[in-house]
Amino acid sequence: MELLQNILNTLLNTMRDVMPIAAVIFGFQLFVIRRPIPKVKQVCIGFVYVVLGLSLFLVGLERALFPLGRLMAEQLTDPAFVANASGLAASWRDYYWVYVFAFMIGYSTTIAEPSLIAVAIKANQVSAGAISVWGLRNAVALGVAIGIALGSYRIVVGHPIHYYIISGYVVVVIQTTFAPKSIVPLAYDSGGVTTSTVTVPLVAALGLGLAENVPGRNPLIDGFGLIAFASLFPIISVMAYAQLSKLRARHKE
Amino acid sequence: MKECPFLLLSTLTTSTKNSAAEKHNTLRAKAVLLHAKEVVNAQYSSKKPQRLISPPYYAVMLRGLYKALRPVFDSMRDLLPIIAVILFFQLFVLQQELPNVLDLAVGIVFVVLGLAFFLIGLEMGLFPIGESLAQAFARKGSVTWLLIFAFALGFGTTVAEPALIAVANEAAQVAANANAIDSSIESQRSYANGLRYTVALAVGFAIVIGVLRILRGWPIHIMIIIGYLSVVVMTGFAPKEIIGIAYDSGGVTTSTITVPLVTALGVGLASAIKERNPMLDGFGLIAFASLTPIIFVMAYGLLV
């Protein structure tokens, strides 16, 4: 019964999120384009599937994976868990399980990210198969994993965030001049794609847990910023992936 | 030869007046006739026996079932890594039992089914509507309406985004704690709302700029680098509390429904315009949508 109510609530919320999008699309279709939507029935069924699917997805995440993930983030950053490694005051090395967790959770949540799957399918279609769906997804996931692991390290040591972000930008700018031209727009896009339904809640929990438990950190200032890492590093990793495949292709010749 | 054996046969039989070639011709005619028989036989017999040899009905059904369930298998494979990571840490690192195994199982089934439905709906609804809208606008040829549409799509999808509302509320708290605004509920609420509309404006602006870029074929990297430069410069001036929030707000804005729609729109536009290449010009809308909020939020922090 509680489950049913949970599903209904999420369904209503998702519908409310879709409303503005549907209103804009159908409004312009009716009043500006003034032409019937091609295959209108199929499109409407598709929207119903999207709303239903997203709601089920969210209910499931909220029931099964998020509570466990949040609990783990708390437990792994708990001073009691960290301190039993050394017994003394914890240095940044004692948080090694946190970095491993950050890396693995960053990778695995990105692989399951629905909007990344969508962009990967589209990129595969547009490039006529030159960009494989799995290659792109793996490259992005690896970028998110490295980004979040590095971001957790930053919170532990307490460096200011903008040094990292600005040096990341510099790397992106340098890579842009060397990477194959056709990958650049897609690489820029993959930064924004990674951080939606699955990654944000778990990553935010990890950041807040770290900032609360590491002495000298302020959760309101240091807790933020992991998401920024998660959207910067995929740009770098996707361009690196394209550069590597280009190099390999040249090597084969 | 295969299509009309009888026609060939009749032309052959009428031309057999020459006696020297008669024997040879009758042989050929016989051969042709035999071949014709074979073709006809094959045509008649191909209907029934092949049905009998075709795979048994349960194999056909299984294949159909696999086709229908393919998205479910795919989404199971997509979720396996998360489940593996959580199990590994729970059992081996934290060494704790799994709480509520039943709840966990039900949740995972939901996630798998939900992802499968989403992917089906994506191909049926979101991608086609994005593409058909792009084509309709390209055919209509009105840049003004296209840009108004782009703004409405960006603003409309962002302003109601729950993740953004949550971040804006938290940001208001941060600002109140830092004494940037006074800590009454009302001023916090107006600060949060202001932030929300700022981000929504930024995303609307981003889609407009991105669509203009596709139309004109401007190089994306120069625009993005200019954007980064303004982020770097503004970081130097913006109040310290707002920087983390500003950087995060770029990632928060792009929801699961907006991303496929906007991607299909961009790629559709770039394919509809002759001089544009969908790979080079079609992508990039999301990049703008995650960059402009950083700039706009820092500007908001400077102004308020």
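Kindly evaluate A:Ser115 against the criterion of being among the polar types (S, T, N, Q) and open to solvent by 10 Å² or more (accessible area, probe 1.4 Å).
Here the answer is no, as A:Ser115 does not meet what is asked.
Here are some residues: A:Val157, A:Val170, A:Val184. Which one is more than 18 Å from B:Tyr228 (Cβ to Cβ) and among the aliphatic types (A, V, I, L, M)?
So the residue among A:Val157, A:Val170, A:Val184 that is more than 18 Å from B:Tyr228 (Cβ to Cβ) and among the aliphatic types (A, V, I, L, M) is A:Val157.
Looking only at region B:169-205, filter to residues that are in a helix (DSSP H, G or I) and charged (D, E, K, R); which one of those is farthest from B:Leu146 (Cα to Cα)?
B:Glu186
Where in region A:1-90 are there helices (runs of 4 or more DSSP H), lying fully within it, with 3 or more residues that are among the aliphatic types (A, V, I, L, M), under 30 Å from B:Ala264 (Cβ atoms) and open to solvent by less than 50 Å² (accessible area, probe 1.4 Å)?
Ranges flagged: A:2-28, A:40-60.
Is one or more of the residues making up region B:175-190 crowded, with 20+ Cβ neighbours inside 10 Å and over 23 Å from the mean Cα position of the chain (by Cα)?
The answer is yes, given that some residue of region B:175-190 is crowded, with 20+ Cβ neighbours inside 10 Å and over 23 Å from the mean Cα position of the chain (by Cα).
Which one is nearest to the chain's Cα centre (by Cα), of the residues in region A:160-193 that are among the aliphatic types (A, V, I, L, M) and more than 7 Å from every other protein chain (Cβ to nearest Cβ)?
Per the stated criteria, the residue is A:Ala187.
Taking only pairs six or more apart or across chains, which ones have beta-carbon atoms under 7 Å, a first residue in region A:104-129 that is more than 7 Å from chain B (Cβ to nearest Cβ), and a second residue that is part of a loop (DSSP other than H, G, I, E, B) and open to solvent by 10 Å² or more (accessible area, probe 1.4 Å)?
A:Glu113/A:Ser196; A:Glu113/A:Thr197; A:Ala123/A:Ile131; A:Asn124/A:Ile131; A:Asn124/A:Ser132
Does region A:132-147 include one or more residues that are part of a loop (DSSP other than H, G, I, E, B) and either among the basic types (Lys, Arg) or at negative phi (or both)?
yes
Here's the yes/no breakdown for (1) out of contact with any Cys (no Cβ under 7 Å at 6 or more places or on another chain); (2) hydroxyl-bearing (Ser, Thr, Tyr); (3) assigned to a helix (DSSP H, G or I):
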site: A:Arg154; (1), (2), (3): yes, no, yes
site: A:Ile165; (1), (2), (3): yes, no, yes
site: A:Gln175; (1), (2), (3): yes, no, yes
site: A:Pro185; (1), (2), (3): yes, no, yes
site: A:Ser190; (1), (2), (3): yes, yes, yes
site: A:Leu208; (1), (2), (3): yes, no, yes
site: A:Pro215; (1), (2), (3): yes, no, no
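The values are calculated or read from the model by the stated rules, or taken from the named source; none is laboratory data. In this text the structure is predicted, and so the values were computed from the model without any measurement. In this analysis, Cβ positions are derived from the backbone assuming ideal geometry, glycine residues included, and neighbour counts consider all displayed protein chains. Keep in mind that these areas ignore ligands, DNA and RNA; they rest on the heavy atoms of the full protein, side chains included. Shrake-Rupley method; radii C 1.70, N 1.55, O 1.52, S 1.80 Å.
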